[in-house]
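Scroll down for the structure; my scribbles are underneath it.
The values are calculated or read from the model by the stated rules, or taken from the named source; none is laboratory data. Everything numeric here is computed off the predicted structure, so don't read it as measured data. All Cβ positions, glycine included, derive from the backbone under ideal geometry; neighbour counts span all protein chains shown. What goes into the accessible areas is simple: the full protein's heavy atoms, side chains included, and nothing from ligands, DNA or RNA. Shrake-Rupley method; radii C 1.70, N 1.55, O 1.52, S 1.80 Å.
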Amino acid sequence: MNILSYIGHRVTAELPQGKVVSRVTPSIRSEPTSRSTFLGGFAPGTVVPVYCKTHGQKVDGNDLWYLLGGPKPGWVAAGCVKNLAPVGYRN
C-alpha cells in the first residue's frame with residue numbers, strides 16, 4: 001500500500017486539522033512538488049485533516065508541504081493551509 005492509500009484509510013479524527021486559507025482552490029499533488037500528478041483540490045475555508053509535513057519544492061518562498069489525510073489524500077503547499085494544531089514532520 002502506498003503512502004497516499006494508507007493516509008486515506010487512517011481515521012481522520014486522530015489527525016491534526018488545518019484550514020485552507022488560500023483565496024483560490026489549492027492543488028493537491030501526489031508528491032511535494034507542483035510538477036507531480038494533480039489529484040484535486042479543496043475550496044477555501046475547508047477544514048482538512050493533516051497527517052504530517054515535509055520539505056519540498058519552494059512555493060512563494062516556503063518549502064514546507066502538508067500531507068493531507070481523509071477522502072482526498074495528497075500533498076499541498078503549506079502556505080495554502082493554516083494548521084490548527086501542531087503537525088509533525090514525515091518519518
field: Listed peptides 19-25, 50-56 by packing density, highest first (mean Cβ within 10 Å)
entry: 50-56, 19-25
message: Probe of 1.4 angstrom, ligands and nucleic acids ignored: what's the accessible area per residue over segment 24-91, in square angstrom?
response: 52
message: Report the gain in length on full extension from residue 23 to residue 39: 0.36 nm times residue separation, minus Cα-Cα distance, nm rounded to one decimal.
response: 3.9 nm
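Sort the chain into rounded, prolate or oblate with this rule: let a ≥ b ≥ c be the square roots of the eigenvalues of the Cα gyration tensor; rounded if a/c is under 1.5, and if a/c is not under 1.5, prolate when a/b is larger than b/c, oblate otherwise. List each step's numbers first, then the result.
Working: a/c = 1.31, a/b = 1.15, b/c = 1.14.
Cα axes put the chain in the rounded bin.
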statement: Share of accessible surface on carbon and sulfur in segment 27-91, whole %, 1.4 Å probe and ligands ignored, is 51
